[in-house]
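Chemist: Dropping the structure in here first, questions after.
Taken together, the values in this text are just the output of simple stated rules run on the coordinates, not laboratory data. Being a predicted model, the structure only gives us computed values, none of them experimental. Note: ideal-geometry Cβ built from the backbone for every residue, glycine included; neighbour counts use all protein chains shown.
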């Protein structure tokens, strides 16, 4: 068994994708398999990883450049998956380091689920059971390896962001986040006003894990202490 098989035995991500028609179709043009980079690129990546204390204990996994449409992501229990095309032989850019930090925060979320749930509850997010989401939307939801453990959260106990493929089918790059209102039983195209007031325009509003990985990586919280301070400040 390779590292991806071991990861899938824990998080079930690829198994879930293969069991969903929309997710399978969206990924069938991509190769989700291990790849290699040059020795020089390995050295550049290693230097970047060592500059981010929060990555200590994480394992870097190089995937085919097309894997998951080239999006970096994490897999259980502590793997940061990077497309080969992202790994340059040149010294790492600040943007690349921020991407690595973003993924390190996702690993922290995996390792400290209880701590994050407490933080998210104080931040107006509560986990929602799958049965809360109408069955008609289920197969249209794009699965995310970083959030698959607890895929649904409600903001203010009412509004659940859902990353949906278009009705005609789609790719991993053309999903749209819509908001399911639990109380009204209706799907809305726009986020609730209080969400916009609190978060402004975030790039990935589909899940609080993504929202805070974006916020905290942009803020440069690259150590356990900095992240702990942020998680206990609310």
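Chemist: Taking the Cα centroid of segment 4-70 and of segment 87-101, what is the distance between the two, rounded to the nearest whole Å?
Modeler: Comparing the Cα centres of segment 4-70 and segment 87-101, I get a distance of 16 Å.
Chemist: Among DSSP beta bridges lying fully in the chain, give the percent that are antiparallel, nearest 5.
Modeler: 80 percent
Chemist: Then there's this: Looking only at segment 1-95, where both bridge partners belong to it, what percent of the DSSP beta bridges are antiparallel (to the nearest 5)?
Modeler: Counting only bridges with both partners in segment 1-95, antiparallel ones make up about 45 percent.
Chemist: Please find the FRET efficiency linking residue 1 to residue 65, where r is the Cβ-Cβ separation and R0 is fixed at 25 Å, and quote it to the nearest 0.05.
Modeler: 0.60
Chemist: Right, something else. What would the Debye equation give as log₁₀ I(q)/I(0) for segment 110-234 at q = 0.10, 0.14 Å⁻¹, counting only Cα atoms as equal point scatterers?
Modeler: -0.32, -0.62
Chemist: Cα centroids of segment 166-185 and segment 125-139: how far apart, whole angstrom?
Modeler: Each part's Cα centre sits 12 Å from the other's.
Chemist: Work out how much length residue 50 to residue 171 would gain on full extension: take 0.36 nm times their residue separation and subtract the Cα-Cα distance, in nm to one decimal.
Modeler: 40.2 nm
Chemist: Can you give the angle from 0 to 90° between the axis of helix 39-50 and the longest principal axis of the chain, with both taken from C-alpha atoms, to the nearest 10?
Modeler: The angle comes out near 60 degrees.
Chemist: Another one. Could you work out [θ]222 nm for the chain from helices alone, using -39500 (n - 2.57) per DSSP H run of at least four and dividing by all its residues? Round to the nearest 500 deg cm²/dmol.
Modeler: Taking each H run of at least 4 residues, the total per residue is -11000 deg cm²/dmol.
Chemist: Packing-wise, with mean Cβ within 10 Å as the measure, how do 189-196, 26-33, 67-74 rank, highest first?
Modeler: 67-74, 26-33, 189-196
Chemist: Still on this structure: Starting from the Cα gyration tensor of segment 1-119, take the square roots of the eigenvalues, sort them a ≥ b ≥ c, and report rounded, prolate or oblate (rounded when a/c is under 1.5, otherwise prolate if a/b is larger than b/c, else oblate).
Modeler: Note, shape of segment 1-119 comes out oblate.
Chemist: If you fit an axis through the alpha-carbon atoms of helix 208-218 and take the longest principal axis of the Cα set of the chain, what angle between them do you get, 0 to 90°, nearest 10?
Modeler: 40 degrees
Chemist: What does the highest-first list of 76-84, 100-108, 221-229 look like by mean Cβ count within 10 Å?
Modeler: Most protected by this proxy first, the peptides run 100-108, 76-84, 221-229.
Chemist: Hey, what angle do you get for helix 94-111 against the long axis of the chain, alpha-carbon based, 0 to 90 degrees rounded to 10?
Modeler: Rounded to the nearest ten degrees, it is 60.
Chemist: Each label point is 7 Å from the Cα along the Cα-to-Cβ direction; what then is the distance between the points at residue 193 and residue 32, in nm?
Modeler: With each label point 7 Å from Cα toward Cβ, the separation is 4.1 nm.
Chemist: Using a/c under 1.5 as the rounded threshold, could you call segment 55-179 rounded, prolate or oblate? The axes a ≥ b ≥ c are square roots of the C-alpha gyration tensor eigenvalues, and prolate needs a/b larger than b/c, oblate otherwise.
Modeler: oblate
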